[in-house]
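The values are calculated or read from the model by the stated rules, or taken from the named source; none is laboratory data. Bear in mind the structure is a predicted one, so any value in this text is a computation, not a measurement. Note that we place each Cβ from the backbone using ideal geometry, even for glycine, and neighbour counts take in every protein chain shown.
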Amino acid sequence: MTGHTFYADDWHLFLAADGVLYGRAKGGSDGVAEQDVGRWHITPEGQWCRTWRWWDNRRERCFLVYREGETFALSVKDRFFGTGPYRRVLGNPEGYEPLRGVQAPRVLHQQ
């Protein structure tokens, strides 16, 4: 999963090799997008866990990961539903830059 960007309908995320997670969610009708950064890791049991700096109240959530080809789905143990599907793309086509310092999430305007 490291070094890949995962795309879903309304957002995408990039998993950097250093354990940093970058995400961008599409905006609503006003066209404003939100971006956050967090940390990710794999547990000894094979679950993928993530903690956002601002999103999801900074709560760590761990997911079971299901894969079919380059499509992935995530299942959360503490919720009744999963997320996805995500389409995996090699690299960082969104151009996320290495994390420097602590900052609030950026609000971006879509072009």
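Does any residue of the range 84-96 turn out to be within 17 Å of VAL37 (Cβ to Cβ) and modelled with pLDDT of 85 or more? Checked against the condition, which is being within 17 Å of VAL37 (Cβ to Cβ) and modelled with pLDDT of 85 or more, the range 84-96 yields no hits at all.
For beta carbons closer than 6 Å, sequence separation of 6+ or different chains, a first residue in the range 1-16 that is under 14 Å from ARG50 (Cβ atoms) and a second that is at pLDDT 85 or above and assigned to a loop (DSSP other than H, G, I, E, B), the qualifying pairs are THR2/ALA17.
For the range 17-39, residues that are buried (at least 18 other Cβ atoms within 10 Å of the Cβ) and of a type in the set (Lys, Arg) total 1. Can you spot a residue in the range 61-76 that is more than 16 Å from ASP10 (Cα to Cα), out of contact with any Asp or Glu (no Cβ under 7 Å at 6 or more places or on another chain) and modelled with pLDDT under 80? The answer is yes; a qualifying residue exists.
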